[in-house]
1. If you take the residues in the range 41-59 that are assigned to a strand (DSSP E or B), at pLDDT 85 or above and not aliphatic (A, V, I, L, M), which one is farthest from Ser7 (Cα to Cα)?
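The values are calculated or read from the model by the stated rules, or taken from the named source; none is laboratory data. Just so it is clear, the model here is predicted, and its values are computed rather than measured. Please note: Cβ atoms are built from the backbone with ideal geometry, for glycine as well, and neighbour counts cover all protein chains shown.
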Amino acid sequence: MPLELESSAWSGEGTFTQLLIDRLQHVDGVRFVRVEDTPATRSDADYNFISNELYIGFDTVERREPIKRFGILPGFRTVMEKAMTLTGLEAILTGLDDVGAPDYGDEGMLQYLRAERLIPPYQTRGYKLVEMVRIYKVGTPRRS
């Protein structure tokens, strides 16, 4: 099943964010990605700070497990499980050379922070571009 991408709340800024989206399209078990700008994004004369959030929805798989009804009658029940966890996604992204390990990660969020100095043509002074990307699984409460 192809990846569903919801990017209507994203301005399109952030090359690392775009790189993550491109890499997530090839990860088995990822079904949905929603990208949003966050209010922390700001720009000044000496630096640009871009902050984006990615919400990831994972595929579900059915698993049948044996049960005993009334303690004696054998049967089966169907259990729906996520095909991947955020920890599993972290392991996959860490293995990619152009993404690497997150700067911070726990069971509810992965955070990447990238910084680079850009010197536009015909200017003597450049600016620093700082991009922060947080990855949450769908259903995780928003952190402030």
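1. Phe49
The rows are residues; the columns are (1) among the aliphatic types (A, V, I, L, M); (2) touching a Leu at 6+ places or on another chain (Cβ under 9 Å); (3) part of a strand (DSSP E or B); (4) modelled with pLDDT under 90.
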site: Pro39; (1), (2), (3), (4): no, no, no, yes
site: Glu62; (1), (2), (3), (4): no, no, yes, yes
site: Gly71; (1), (2), (3), (4): no, no, no, yes
site: Pro74; (1), (2), (3), (4): no, no, yes, yes
site: Val79; (1), (2), (3), (4): yes, no, yes, yes
site: Met84; (1), (2), (3), (4): yes, no, no, yes
site: Ala91; (1), (2), (3), (4): yes, no, no, no
site: Asp97; (1), (2), (3), (4): no, no, no, no
